[in-house]
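Data first, discussion second: the structure below is written as structure tokens.
What follows is calculated from the coordinates using simple rules that are stated; it is not laboratory data. These numbers were taken from a predicted model, which means no experiment stands behind them. For neighbour counting, all protein chains shown are included, and Cβ atoms are generated from backbone atoms with ideal geometry for every residue, glycine included.
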Amino acid sequence: MKWILLLVIIILNVGVLPLINRVHPLIIGMPFFLFWYLLSLIITPILSWCIYVMGGKKQDRELRSAEK
């Protein structure tokens, strides 16, 4: 699951740039590319935090099982 979220981040920021590099349509008064970039700036930290939380839970389980 972590790898899928990492791929989503990469595709969101780099993979779709040739497809969204246009001025029209305007969304909230911004060109579409600028809106997409702003959206990715909001979504990327959220997905990164989800990956961090998933990794932390797995490490906690491994540490607890090693203590027993």
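Quick notes on this one:
- Filter pass, Asn13 being over 9 Å from the mean Cα position of the chain (by Cα) and among the polar types (S, T, N, Q): no
- Filter result (of a type outside the set (Val, Ile, Thr) and surrounded by 14 or more Cβ atoms within 10 Å (Cβ to Cβ)) within the range 6-15: Leu12, Asn13
- Selection of the range 34-57 for residues being loosely packed, with under 14 Cβ neighbours inside 10 Å and free of Cβ contacts under 8 Å to residues at least 40 places away in the same chain yields Leu38, Leu39, Leu41, Ile42, Pro45, Ile46, Ser48, Trp49, Tyr52, Val53, Gly56, Lys57.
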